[in-house]
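Student: Okay, handing you the structure first.
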Amino acid sequence: MANNGEKLITEVQNYSHLYDLFNKNHKNKVMRENAWKEIGVSLGLSGDLCKNRFKVLRDRYRKEKAKVLPSGSEAKARKMWPFSEMLNFLDPYMQKGRKSTPNLKKRKRAREDLIDAALMKIGGETDPEDLFLEFCSKSIKKYHQKGNEALESIGNYVFQMNKKYLQ
């Protein structure tokens with residue numbers, strides 16, 4: 001495994017668009033898939049297997065870097081992970097964890113204020129339907145990936161109601 005890991009890391013280094021998020025070809029799915037296929041051919045493995053193994057190596061490297069280094073005799077006794085030095089080329093490309101910034105909170109609050117102001121302008125007073133729709137809107141935003149499914153369900157329901165009562 002160590003030998004395969006070293007070969008895999010060396011091969012991936014030749015394809016910067018696989019790990020450099022700012023590379024103009026990073027978002028090109030075809031180029032990325034072709035690169036993984038080429039790496040797989042050179043190692044005698046499938047491209048998907050190489051992709052998955054490299055992801056495991058990269059994630060382990062990230063965890064190793066995040067570990068707090070012990071001091072004194074503990075530091076001498078602790079073994080370094082064998083791939084740490086080979087993977088240090090990833091350091092400039094590794095993203096920090098996403099943190100909520102004050103700016104993000106301000107923008108969210110401003111957006112909510114704009115929505116409230118628009119609702120007040122349109123209807124004067126907020127009626128129960130507006131409150132219900134606002135509740136639905138805020139709830140759907142919490143679903144992240146399932147939000148589109150929820151919107152589609154609500155849209156289908158409203159369509160059915162229109163069809164039933166407005167014809």
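Student: How much accessible surface does I115 have with a 1.4 Å probe, in Å² rounded to 10?
Tutor: The accessible area comes out at roughly 70 Å².
Student: Next up: Once ligands and nucleic acids are excluded and a 1.4 Å probe is used, how much of C50 is accessible, expressed in Å² to the nearest 10?
Tutor: Here the accessible area works out near 0 Å².
Student: A further question follows. So which of K29/K67; K24/K51; K65/K106 end up more than 27 Å apart, counting from Cα to Cα?
Tutor: Where the Cα-Cα span goes over 27 Å, the pairs concerned are K29/K67; K65/K106.
Student: How much accessible surface does K108 have with a 1.4 Å probe, in Å² rounded to 10?
Tutor: 110
Student: Each residue of the stretch 14-20 in order: what ³J(HN,Hα) in whole Hz does its phi give by Karplus 6.51 cos²θ - 1.76 cosθ + 1.60, θ = phi - 60°, with x for Gly and Pro?
Tutor: 6, 10, 5, 5, 7, 10, 9
Student: Can you sort Y15, Y165 by 1.4 Å-probe accessible area, starting with the largest?
Tutor: Result of the area sort, largest leading: Y165, Y15.
The values are calculated or read from the model by the stated rules, or taken from the named source; none is laboratory data. Since the structure is predicted, the reported quantities are computational estimates derived from the model, not experimental observations. These area figures cover heavy atoms from the full protein model, side chains too; ligands, DNA and RNA do not enter into them. Shrake-Rupley method; radii C 1.70, N 1.55, O 1.52, S 1.80 Å.
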